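The values are calculated or read from the model by the stated rules, or taken from the named source; none is laboratory data. Computed from a prediction, not measured in an experiment: that's the story for all the values here. Counting neighbours? That spans all protein chains shown, and the Cβs are built from the backbone with ideal geometry, glycine included. Surface accessibility is based on the protein's heavy atoms, side chains included, excluding ligands, DNA and RNA. Shrake-Rupley method; radii C 1.70, N 1.55, O 1.52, S 1.80 Å.
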Amino acid sequence: MLRDWGSARRRAATRSRWESEQSLLKESLICSNTEPWQAFPDFPGLERVGGVDISYSKEDDTIACVSLVVLSYQDLEVIYEDCHMVPLDATYVAGFLAFREVPSLPSLSEAVCSLMKTNPRLMPQVLFVDGNGVLHHRGFGVACHLGIQTDLPCIGVAKNLLQVDGLENNEEHKEQIRQLKNGGDFFNLTSSLGSVLGTALKSSDKSYKPIYSSVGHKISLESAVHLMHSCCRYRVPNPIRQADIRSRKFLVKITTVAEYSKATR
């Protein structure tokens, strides 16, 4: 009983600290275009787009694989990739995914900073992040966190609707999805107070489920959704798709090596 009470106190203290840190970081958030290439629908001057993903180990929930890829724009060919294992220093708390992912050493932000130091000419000009941006319980998801950490334009990309601020995956929402006929069609996700939190995008003609985009940092929602569609060959934008493929392959490789090492001891 005393142990449970102590654990509850520690969780409450951690949550309070995270809320304070999120509030401070949120003050630096920019939800408008900041780069010249963002001002035009064909994005002239945009040459490199990045994708980041974390794949979790099924065998050990205290480690994960961080993957950063950089693709050429517009042909979307991978020109840089980096995968490595990271410890998960914090347990997951709903609404605080960024604090489980971003600060873990070496983290997503450190992977980006490492590329800046070792090969700055391959630095992405925008990052697609597997997670939400301002479409979030407190308006500050992992894409926002990473954007502030790296000072790069970031776009949050989620496969499922985060049901916050009056957003619901109800029959009305499903009917809106059915009205999306062609790749590139989208509708805004509007909160109960009337603010637009993100979009639901039919990313390709063959996709039946939408992908959910929201601003992470230093880009407008309009630019974000159009850029996301231009980077889709399948349902998920190719930068994130490639990051996910590589992180999962790396996890399998690491697991196989570990099992071989254990078997040969």
Using a 7 Å offset from the Cα along the Cα-to-Cβ direction at both residue 159 and residue 59, what is the distance between the two label points in nm, to one decimal? 2.3
Output the pairs from 174/202; 159/209; 159/218; 26/218; 209/249; 174/209 with a Cα-Cα distance over 18 Å in this structure; if there are none, say none. 159/218; 209/249
Calc'd 3J(HN,Hα), the range 25-42, phi into Karplus 6.51 cos²θ - 1.76 cosθ + 1.60 (θ = phi - 60°), Hz, glycine/Pro = x, comes to 5, 4, 4, 9, 5, 10, 10, 9, 5, 10, 10, x, 5, 6, 7, 10, x, 9
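With a sphere of radius 14 Å drawn around the Cβ of residue 121, what net charge do the other residues whose Cβ falls strictly inside it have (Lys, Arg +1; Asp, Glu -1)?
My count for the surroundings of residue 121 gives +1.
Determine the order of 27, 81, 21 by accessible area, beginning with the largest, at a probe radius of 1.4 Å. Kindly include the intermediate steps, with their values, before the conclusion.
On the way: 27 145, 81 100, 21 65 Å².
If we order 27, 81, 21 from most to least accessible, we get 27, 81, 21.
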Ignoring ligands and nucleic acids, residue 172 exposes an accessible area, probe 1.4 Å, in Å² to the nearest 10, of 130
One quarter of the C-alpha convex hull surface, i.e. the mean projected area of the range 119-181 in nm², amounts to 5.8
Separation of the residue 248 and residue 187 label points, Cα + 7 Å toward Cβ, nm: 3.0
Assuming a ≥ b ≥ c are the square roots of the Cα gyration tensor eigenvalues, decide whether the range 122-222 counts as rounded (a/c under 1.5), prolate (otherwise, with a/b larger than b/c) or oblate. oblate
Residues of the range 166-205: accessible area per residue at 1.4 Å, in Å²? 57
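Calculate what fraction, in whole %, of the accessible area of the range 122-265 sits on carbon and sulfur atoms when a 1.4 Å probe is rolled over the protein chains. Working shown, then result.
Values: 3350 of 6790 Å².
Reported share for carbon and sulfur atoms: 49 percent.
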What full-extension length gain, to one decimal in nm, is calculated for residue 121 and residue 206 as 0.36 nm per residue of separation minus the Cα-Cα distance? 27.1 nm
